[in-house]
Structures are given as structure tokens and as C-alpha cells.
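Shown next, in C-alpha cells, is the structure this report addresses.
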Amino acid sequence: MRPNLKSHHATLVHFDTTLTLTDGLISEIQNVSPPDADGDSPFLDSYDGHRAWVWVIALDKGVKEGVRRFRIEFNYQVRAGGRLSRRIPRIEQLMNILCSIKEKTDFDCRVAFQFGKRLKPRPIIGLPMKYLELPNMPFDRIQGLHLVKFDGSKIKYEVILEAPANGVVVENVLFSYASEIDNSLAGKILVGAATISDKFVLKEQQSVRKGF
């Protein structure tokens, strides 16, 4: 669960889901990361210019027995985080617990990319957009687009494109991903988002992508 965001020009990978957990799994999680006053448990990681954090957030507050629902939020970011104390609960420890869930889980995903001038990125629809200028227009620039792909009546993915500066393209890819929870999950979501991204932003200079 240490995806290399830089190799795909990603700046953020976020995905989350809601799980119903047994008392046994809850106990294992909270033994590693004692919950705060709201019943939530954090897990962290820091590696090679990346930092990552996961929140296990209690949805059924005050329920003491049986099964309870938790939202699990994963975040990976390109940013140096420094060395972590040995006492800090690690994401790897959480994954070792959640890997016992063998059913596929649906994750809501958002991956942000930023393509700099060196790559000479070109979105498939030119940005900023040109338009017919009329007197007293209520805006000065169309620098972004929100594009949606459907699969029947359901949304397959969404792509938000923006050109905040000359020669720079920022892209957000939103989609759902079904998978078992394992240590390759974050990397698979990143690759899935990059595959969608490539349909919308062309790069004259491609970098070599490393495996996961």
C-alpha cells in the first residue's frame, strides 16, 4: 500500500467505503489504534516523498455489541512527511486486519493529477476555451470542464479538467472501483485512474511508469 504517485503525475489518491465490522475486527483495529472521543481510529505512513493517512470512522455511535458500520477513508499525497514515531499506528497494520474480509468492496475514488509544462499536456478539449465575447460578460475565462461518462443510466466516471496557468493541466478523476481489500489496492486504483486520465490529456513527453 505504498503507491508511487509521482510516476503517474498524481498529487492525491483518495478512496473510501463503508464496512460492517464484527466485534472481533473492531477490537483488533482499536487495539492497534485506540479510538478518539468520537470512536475514530487513525493510521499513518510516510515514504519516499509521500505521506498517507487512513481514518476508520465510526458511523454507529454508541453501539456496544454485535456489528457496527465504519467508513474507511484512505488518502495518499505527494508531500514529504518526515519519519514517524514507532508508536504511530501504521496503515500496514490496518491492512493486515482488513485483508481477512474476502468479499469485494465498492470504493468511491478521486485521484488528482497535475501535468506541468515539461510534459506539454493537451486536453482533448482545448483550455482555456474560446467563446464569442459580448459586452458585459459575467466572467473572464473558461478554464475548466466537467465531463461525465455513463454506463447505461449509471455514471461510469467523471473527469474535471482545468488549465490554471499556461501549459499546465490539472485533472481530477472520480470513479467507483470494486475490489477485495489487499496491499495492492491503492496501486490498482491509481493505475485505473491513470488509464482514464490518458483518454483526456495527451502528453508529448511521456515518462516511464513504474510498476506496483
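The values are calculated or read from the model by the stated rules, or taken from the named source; none is laboratory data. None of the values given here were measured: they were computed from a predicted structure. Cβ: placed from backbone, ideal geometry, glycine included. Neighbour counts: every protein chain shown.
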**Message:** Against the definition (buried (at least 17 other Cβ atoms within 10 Å of the Cβ), in contact (Cβ under 8 Å) with a residue 24 or more places away in the chain and in contact with a Gly (Cβ under 9 Å, 6 or more places away or on another chain)), how does Val173 come out, yes or no?
**Reply:** yes
**Complete:** Contact list, first residue from the range 77-97 and within 16 Å of Ile26 (Cβ to Cβ), second anywhere and of a type in the set (S, T, N, Q) and exposed (fewer than 14 other Cβ atoms within 10 Å of the Cβ), beta-carbon distance below 7 Å, six or more apart or interchain, is none
**Hey, Tyr157 without any contact (Cβ under 8 Å) to a residue 60 or more places away in the chain, crowded, with 16+ Cβ neighbours inside 10 Å and over 20 Å from Trp53 (Cβ atoms) or not** = yes
**Asked** In this structure, is Leu127 within 23 Å of His50 (Cα to Cα), crowded, with 16+ Cβ neighbours inside 10 Å, touching a residue at least 12 places away in the same chain (Cβ under 8 Å) and over 22 Å from the mean Cα position of the chain (by Cα)?
**Response** no
**Complete:** The lone condition Asp140 fails out of (1) more than 20 Å from Val169 (Cα to Cα); (2) more than 20 Å from the chain's Cα centre (by Cα) is (1)
**Message:** Going by what's in this entry, would Glu204 be described as at pLDDT below 95 and either buried (at least 16 other Cβ atoms within 10 Å of the Cβ) or touching a strand residue (DSSP E or B) at 6+ places or on another chain (Cβ under 8 Å) (or both)?
**Reply:** yes
**Complete:** Within the range 104-118, restricting to residues that are of a type outside the set (S, T, N, Q) and closer than 17 Å to Asp16 by Cβ, the one that is surrounded by the most Cβ atoms within 10 Å (Cβ to Cβ) is Val111
**Prompt:** Which of the residues spanning the range 71-112 are in contact with an Asp or Glu (Cβ under 8 Å, 6 or more places away or on another chain), part of a loop (DSSP other than H, G, I, E, B) and within 15 Å of Val56 (Cβ to Cβ)?
**Reply:** Cys99, Ile101
**Request:** Being without any contact (Cβ under 8 Å) to a residue 40 or more places away in the chain, more than 16 Å from Val111 (Cα to Cα), surrounded by fewer than 17 Cβ atoms within 10 Å (Cβ to Cβ) and among the hydroxyl-bearing types (Ser, Thr, Tyr) narrows it down to one of Ser46, Ser27, so name that one.
**Result:** Ser27
**Asked** In the range 164-198, which residue that is part of a strand (DSSP E or B) and hydrophobic (A, V, I, L, M, F, W, C) is farthest from Glu92 (Cα to Cα)?
**Response** Ala165
